[in-house]
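What follows is one structure encoded as structure tokens, with my remarks underneath.
The values are calculated or read from the model by the stated rules, or taken from the named source; none is laboratory data. Predicted, not measured: the structure shown is a model, and the values here were computed from it. All Cβ positions, glycine included, derive from the backbone under ideal geometry; neighbour counts span all protein chains shown.
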Amino acid sequence: MTKNSMLTLNKEERKKVSKMFWRNQFLMFCTSYTKQQGITYGWLMAPFLQKIYGKDTDEFYEAMGRHLDFFNTAPAMNGFIGALNLSMEEENKEMMDRGEEFDTTAISALKTSLMGPLAGIGDAVYLSVLRVVATGVALGLSQEGSMLGPILFLLIMNVPNMLIRWFTTVVGYKAGGNFISEAMRSGTFAAITKGSAVLGLIMTGAMTAQFVTFKTTFETKLSGTVFNLQNVFDSIMPGLLPLGITMICFAYLRKHNKPVRALIAVFVLAFALTILGIAG
């Protein structure tokens, strides 16, 4: 695999990057509460993994398992992650053919650690910058009855969007193999893997704190003093209840139980606690 210039692609590389670029447009096509973009991410990677490992091989299914896990990032920034994963999978295959070992946990760890920061960058660029600028330009022209309003809105939003999607995919693919090879040679691969795993856990904890809401509303009087149960939990550790229910669900799902059952159990628990006046 020859990857010299960061933005220069040969014919084979351009074909791969182009295919990933267009498949990445469908990242939000299929989302779920349990895996978010995970199913579509696996679909995005499938044809590349088939070409690398062969159709219906054990290595192919093992690789697919890595890319069907939970995944969620800004779609426009995913080109970098997908291309980086593709390059790492190719590096894995090359090392397998040479009889060398490749730590495949790094593929999932890097994907998990990058999806959060890149989502933050993507949201900042698209929601706080491009959307605001495009809306400001379009509103003034639209109020004057000019057709340039909606046209410029679409151009300002989508031209940078497509350019960012393309070049992040190119950079991700070109950096991937060289990045991992150099890390293997320098002895920093284990440290990168461990750091990525830790960062991934931090991002998982941050998402838990942001998206999981569980508070009790139970209050009563004890010896003339108002007893607030939520204050007790907060004095022990803020966010203790959301963390607790998340860890219970994680332990349940880790035993390969069905996610739908966990969703139903949480819904029934929430309904019962609300009726009893304990939460709501």
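If you go through region 94-151 and keep only what is within 29 Å of Ile81 (Cα to Cα), of a type in the set (Gly, Ala, Ser) and not in a helix (DSSP H, G or I), you end up with just Gly99. Taking region 245-262 as the range and being closer than 24 Å to Phe233 by Cα and touching a residue at least 24 places away in the same chain (Cβ under 8 Å) as the test, the residues that pass are Ile245, Thr246. Taken together, Gly280, Gly224 contain a single residue that is under 31 Å from the mean Cα position of the chain (by Cα) and not assigned by TED's automatic domain parsing to the domain that holds Leu110, which is Gly280.
Within the option set Thr8, Thr104, being surrounded by fewer than 21 Cβ atoms within 10 Å (Cβ to Cβ) and within 26 Å of Asn257 (Cα to Cα) holds for one residue only, Thr104. When region 103-142 is filtered for residues that are basic (Lys, Arg) and more than 30 Å from Asp69 (Cα to Cα), only Arg131 remains. A single entry from Leu27, Leu44, Leu68 fulfils the requirement of being in contact with a Lys or Arg (Cβ under 6 Å, 6 or more places away or on another chain), surrounded by 12 or more Cβ atoms within 10 Å (Cβ to Cβ) and within 30 Å of Leu127 (Cβ to Cβ): Leu44. Scanning region 70-84 finds one or more residues that are farther than 18 Å from Thr168 by Cβ and assigned by TED's automatic domain parsing to the domain that holds Val170. Gly42 passes all but one of (1) within 30 Å of Arg261 (Cα to Cα); (2) at pLDDT below 90; (3) in contact with a helix residue (DSSP H, G or I) (Cβ under 7 Å, 6 or more places away or on another chain); (4) not acidic (Asp, Glu); which number fails? Of the numbered conditions (1) within 30 Å of Arg261 (Cα to Cα); (2) at pLDDT below 90; (3) in contact with a helix residue (DSSP H, G or I) (Cβ under 7 Å, 6 or more places away or on another chain); (4) not acidic (Asp, Glu), the odd one out for Gly42 is (2). The sole residue among Glu94, Glu144 that is surrounded by fewer than 16 Cβ atoms within 10 Å (Cβ to Cβ), in contact with a helix residue (DSSP H, G or I) (Cβ under 9 Å, 6 or more places away or on another chain) and assigned by TED's automatic domain parsing to the domain that holds Ala46 is Glu94.
Is at least one residue of region 40-55 without any contact (Cβ under 8 Å) to a residue 40 or more places away in the chain and not in a helix (DSSP H, G or I)? There is at least one residue in region 40-55 that is without any contact (Cβ under 8 Å) to a residue 40 or more places away in the chain and not in a helix (DSSP H, G or I).
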